[in-house]
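Beneath this line is the structure, given in structure tokens, with notes to follow.
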Amino acid sequence: MLRNAFASAARSAPLRARYATTLSAGFPKATQRDSTKYGGVYTVTLIPGDGIGAEITDSVKEIFEYVNAPIEWDQYNVSGMSSTGETLFKEAMDSLKRNRVGLKGILFTPISTSGHISWNVAMRQQLDIYASVVLCKSLPGVPTRHNNVDFAIIRENTEGEYSGLEHQSYPGVVESLKVSTRMKAERIARFAFDFALKNNRKKVTCVHKANIMKLGDGLFLNTFRRVAEEYQSSGITFNDMIVDNTSMQLVAKPGQFDVMVMPNLYGAIVSNIGAALVGGPGVVPGCNVGREYALFEPGCRHVAQNLMGTNKANPTAMILSATMMLRHLGLDSLANNIASATFGVINDGKVRTADMGGSATTSEFTAEVIKKL
């Protein structure tokens, strides 16, 4: 199973010494199953995405080239800006099915009813990468209102409000279905508790709205409580919290949260709050995982269209997501070196992008990470 990259150090280190990207995702390493690997080199599907995607994935490619990482990119420049790229999207999906591991930026999803469906959601549903893991931790060198933030958001990725089942039953009347199943609620609840066990976490909080959606969220909550009983002997405590109260508690007292598990829409909202607590979307890594496939991407899903082509984007989230990918492939030492160099640049405070209060470009930040390496 995927293990904590600093497991040996963690035995003697205090809990707060945990690095943001050392958290495992609780699924088998690629080295334990058939993966696309030739001559010691892994083939990984790369989808840069829209907005700043190309710039921050270029940072990863530059760093990987410098350290001679055994990664060969199978790149597909899919874009969600228009609906004409469906053929390329299908080719990228075929690549992901072959390689089982991918790194991606965020694909734009149009709001217009005439636009295509979300290709981000389509990937998660078609590959059944049912668990989204977003890591929110205060970083040395990034001043924020709270300095004790350290929690993981486990988000069910394939149903709920993102089922995409809606229709206009009568002009001016729209019905949108929120699909909830016991099987998927149990699957994500077990994932959250297993994640807590493997990463020395002590508490799991279920986020819901069962006071209003008594059947849908009620099923999610009751399933969580039943699964939680099975883990009591492990010493992991559990509680639940209504989503609106959760939002307030995150802003006021984020230190009370450790591992959070929730349905799809709430995860999208809470991950944005979590990102704001620790310095913004540019520093929050994440991944989407299932039984067969793993897709790594920044945890706060913004295309940042306004920064596209300006060389001002912060590549930290993408770099740290890439180190999570390296750990998944069993390349822990390489991942640790890149993550440590990235944290070192941030902590030094000399080279910072605009979102961290500096004026450095994406290229300059990347070069400084390479200098640290």
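Just so it is clear, none of the values below were taken in a lab; they were calculated from the coordinates. Quick caveat: nothing in here was measured; it's all calculated off a predicted structure. Using ideal geometry, Cβ is built from the backbone for each residue, glycine included, and neighbour counts are taken over all protein chains shown.
Consider segment 316-373 and keep the residues that are part of a loop (DSSP other than H, G, I, E, B), among the hydroxyl-bearing types (Ser, Thr, Tyr) and more than 23 Å from the chain's Cα centre (by Cα). The one that is farthest from residue 142 (Cα to Cα) is 361. Name the single residue, out of those in segment 143-162 being among the hydroxyl-bearing types (Ser, Thr, Tyr) and not in a strand (DSSP E or B), that is nearest to residue 209 (Cα to Cα). Restricting to residues being among the hydroxyl-bearing types (Ser, Thr, Tyr) and not in a strand (DSSP E or B), the top hit is 158. Can you confirm whether segment 80-95 contains a residue that is out of contact with any Phe, Trp or Tyr (no Cβ under 7 Å at 6 or more places or on another chain), without any contact (Cβ under 8 Å) to a residue 24 or more places away in the chain and closer than 15 Å to residue 44 by Cβ? Checked segment 80-95: at least one residue is out of contact with any Phe, Trp or Tyr (no Cβ under 7 Å at 6 or more places or on another chain), without any contact (Cβ under 8 Å) to a residue 24 or more places away in the chain and closer than 15 Å to residue 44 by Cβ. If you filter segment 219-268 down to residues that are within 16 Å of residue 188 (Cβ to Cβ) and of a type in the set (Gly, Ala, Ser), you find that the one that is surrounded by the most Cβ atoms within 10 Å (Cβ to Cβ) is 267.
Listed by position, the strands (runs of 3 or more DSSP E) contained in segment 229-305 that have at least 2 residues being without any contact (Cβ under 8 Å) to a residue 60 or more places away in the chain are 237-242.
I'd like to know if segment 230-240 contains one or more residues that are within 20 Å of the chain's Cα centre (by Cα), on the phi < 0 side of the Ramachandran plot and of a type in the set (A, V, I, L, M). No, segment 230-240 has no match at all.
If the condition is being of a type outside the set (Gly, Ala, Ser) and outside any helix (DSSP H, G or I), then segment 306-315 contributes 308, 310, 311, 312, 314, 315. Give me a count of the residues in segment 163-221 that are within 26 Å of residue 122 (Cβ to Cβ) and in a helix (DSSP H, G or I). Total meeting the criteria: 16.
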